[in-house]
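Chemist: Mind looking over this structure? Questions follow.
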Amino acid sequence: MIPPPADGPGGPGPGPGPGPGPGGPNGPGRRGGYGYPQPGATQAPPGPGGFPQQPRQPQGPTTWTATIGPDREYFMAMMQRSGPEAAGLNLPAYSPEQQRTLTGNQITIGRRRHSTGDTPDIDLSTPPEDPGVSHQHAVLVQQPDGTWAVVDQNSTNGTTVNGSDEPIQPFVPVPLQDGDRVHVGAWTTITIHRG
């Protein structure tokens with residue numbers, strides 16, 4: 001590690017708050033250094049021509065949507081991996097894609113439980129019902145930065161992402177990017193879109 005210059009930003013000297021320890025990389029009790037501002041600094045870094053940049057206006061929340069529908073490629077791959085119990089499954093001849101705006105902190109994915117009336121946010125029990133989807137299959141969870149992650153709820157047939165052969169671990173959030181595909185059940189793909 002190369003220490004910052006002794007007389008420059010982050011060099012020795014008194015500083016507010018706790019630091020990385022005596023004689024740490026930025027001097028006793030100091031943070032920042034290596035071109036990073038000290039805590040509480042308000043000046044923007046230099047822009048073109050050496051002038052400070054204007055602060056950016058905060059942008060509104062980004063809208064995320066999900067496109068839900070049957071996926072022939074995923075269905076064919078799933079059929080090759082499945083045993084004889086999948087022999088009677090057929091991809092629906094017609095099933096229009098659904099669009100859903102992702103709002104709130106979480107979106108549940110599954111099939112309606114007729115005995116209790118519990119209905120997930122993305123209900124895959126409507127015709128053509130995907131028989132490979134559990135009642136409580138997975139959840140899309142909004143992250144602190146506004147992006148989304150998928151969490152499998154220990155579903156019977158698992159959840160995969162972007163055509164992977166390996167299901168994701170149950171109860172472990174998997175971050176999603178714009179255009180990522182979440183595969184559940186026998187043929188359903190949920191594609192996540194930003195904006």
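The values are calculated or read from the model by the stated rules, or taken from the named source; none is laboratory data. Keep in mind it's a predicted model, so treat the numbers as computed, not measured. Here Cβ is always computed from backbone atoms with ideal geometry, including for glycine, and neighbour counts include all displayed protein chains. Ligands, DNA and RNA are excluded from the accessible area calculation, which covers all protein heavy atoms including side chains. Shrake-Rupley method; radii C 1.70, N 1.55, O 1.52, S 1.80 Å.
Chemist: Among the residues of the stretch 159-185, how many are out of contact with any helix residue (DSSP H, G or I) (no Cβ under 6 Å at 6 or more places or on another chain) and closer than 17 Å to residue 73 by Cα?
Modeler: 15
Chemist: Please work out which residue is farthest from residue 186 (Cα to Cα), limiting yourself to the stretch 102-120 and to residues that are open to solvent by 70 Å² or more (accessible area, probe 1.4 Å) and in contact with a strand residue (DSSP E or B) (Cβ under 7 Å, 6 or more places away or on another chain).
Modeler: 105
Chemist: Taking the criterion of being in a strand (DSSP E or B), touching a residue at least 12 places away in the same chain (Cβ under 8 Å) and open to solvent by 90 Å² or more (accessible area, probe 1.4 Å), would at least one residue in the stretch 61-83 satisfy it?
Modeler: No, the conditions are met nowhere in the stretch 61-83.
Chemist: Out of the residues in the stretch 130-149 that are free of Cβ contacts under 8 Å to residues at least 40 places away in the same chain and aliphatic (A, V, I, L, M), which is surrounded by the most Cβ atoms within 10 Å (Cβ to Cβ)?
Modeler: Residue satisfying both the conditions and the ranking: 139.
Chemist: Picking from 169, 153, which residue would you name as being more than 9 Å from the chain's Cα centre (by Cα) and surrounded by fewer than 16 Cβ atoms within 10 Å (Cβ to Cβ)?
Modeler: 169
Chemist: Does residue 127 count as within 21 Å of residue 66 (Cα to Cα), at pLDDT below 95, open to solvent by 70 Å² or more (accessible area, probe 1.4 Å) and not hydrophobic (A, V, I, L, M, F, W, C)?
Modeler: yes
Chemist: In the stretch 143-171, what count of residues is obtained for those that are assigned to a loop (DSSP other than H, G, I, E, B) and touching an Asp or Glu at 6+ places or on another chain (Cβ under 8 Å)?
Modeler: 7
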